[in-house]
1. Can you work out which of the residues in the stretch 106-130 that are closer than 30 Å to residue 237 by Cβ and in a helix (DSSP H, G or I) is nearest to the chain's Cα centre (by Cα)?
2. Looking at (1) outside any loop (DSSP other than H, G, I, E, B); (2) within 16 Å of the chain's Cα centre (by Cα); (3) closer than 29 Å to residue 143 by Cβ, which is the one condition that is false for residue 11?
3. Looking at the stretch 62-82, which of the residues that are out of contact with any strand residue (DSSP E or B) (no Cβ under 9 Å at 6 or more places or on another chain) and buried (at least 18 other Cβ atoms within 10 Å of the Cβ) is farthest from residue 31 (Cα to Cα)?
4. So residue 20 fits all but one of (1) more than 22 Å from residue 221 (Cβ to Cβ); (2) touching a strand residue (DSSP E or B) at 6+ places or on another chain (Cβ under 8 Å); what number is the exception?
5. For residue 102, work out the one condition from (1) within 22 Å of residue 201 (Cα to Cα); (2) buried (at least 22 other Cβ atoms within 10 Å of the Cβ) it doesn't fulfil.
6. When both residues are 6+ apart or on different chains and their Cβ atoms are under 8 Å apart, which pairs have a first residue that lies in the stretch 217-241 and is on the phi > 0 side of the Ramachandran plot and in contact (Cβ under 8 Å) with a residue 24 or more places away in the chain, and a second that is in a loop (DSSP other than H, G, I, E, B) and loosely packed, with under 15 Cβ neighbours inside 10 Å?
C-alpha cells in the first residue's frame, strides 16, 4: 500500500473530522475506568522522578493525554495534523508543547529523552509501527515507560460495528451512508486507509510484547461506546482490543 498513501490519508481524514472527533470517539464507562486505572498506575511511577517529561505520539485533539496535564506534567503533543493540534487546548497547570510533524520523521530526527512515551489509539495509524516502537524504546530515559492504549488485534466484530453505527447515527448522521459505503466498497478511501492496521492488516501483538523490556500490565477488552454492548461482548468473550504498560 505504501507509507506515503497512509500518511496522506491520515492528513486528509484529520482535516475532515477534527471538529467532530471528540463527539464521535466516546467510550463506555468500563473503558474510561480502565483508562483511569492505567493513568493512576503511571502517575504513581512518574511522580517519583524529577521533572518527568511525556511524549504523546499521534495525540489528535488530546482526548487521551489531557489527564497528564491535569496532573501537572510537561507533555509534548505530536501529530501530523495542524487541524487536530489546533483543537488541543489546555489552560491548566501542566505544560503543553505541540509538535506538528510526521511521526516517523520526528523519531528519525529527535534526540530528546522521555519518561513516558504513549501511543493512545494511534499505533494502528502508523505504517512503520515496528520501526517507530524500536526508536521510541531508544528515546526512553532509564526506567521510562511505554503506554499503548486502545489498539486493535482483529477487525471489529459485528456487534462492535453496530455500536459504531449507532454512535455515528447519533452524532454525525450525514456521514453514516458515506462511511458505510467507504468501508464496504471503497477500500482505498481516506477513512479506510487511515486506520490501516484495523481495516487492512493487523498489529503483531506477539512482536510488540517481545520488544518490551518489562511488561507491567496488559489487558484485552471490547472497544465500544455503550456499556450494554460492552457487557454483551464480555459475556461472548469478544475482546479485540488491547492496552499495555511496559518499562525500560
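1. Filtering the stretch 106-130 for residues closer than 30 Å to residue 237 by Cβ gives 118-126, 129-130.
Then keep just the ones that are in a helix (DSSP H, G or I); that gives 123-125, 129-130.
Numbers: 123: 6, 124: 8, 125: 8, 129: 12, 130: 15 Å.
Residue satisfying both the conditions and the ranking: 123.
2. (3)
3. We begin by selecting, within the stretch 62-82, every residue out of contact with any strand residue (DSSP E or B) (no Cβ under 9 Å at 6 or more places or on another chain); these are 67, 70-71.
Filter once more, keeping what is buried (at least 18 other Cβ atoms within 10 Å of the Cβ): 67, 71.
Details: 67: 15, 71: 20 Å.
Residue satisfying both the conditions and the ranking: 71.
4. Among (1) more than 22 Å from residue 221 (Cβ to Cβ); (2) touching a strand residue (DSSP E or B) at 6+ places or on another chain (Cβ under 8 Å), residue 20 violates only (2).
5. Exception for residue 102: condition (2).
6. none
No value in this document is a laboratory result; all are computed from the given coordinates. Since this is a predicted model, take the numbers as computed values, not measurements. Glycine also receives a Cβ, built like all others from the backbone with ideal geometry; neighbour counts cover every protein chain displayed.
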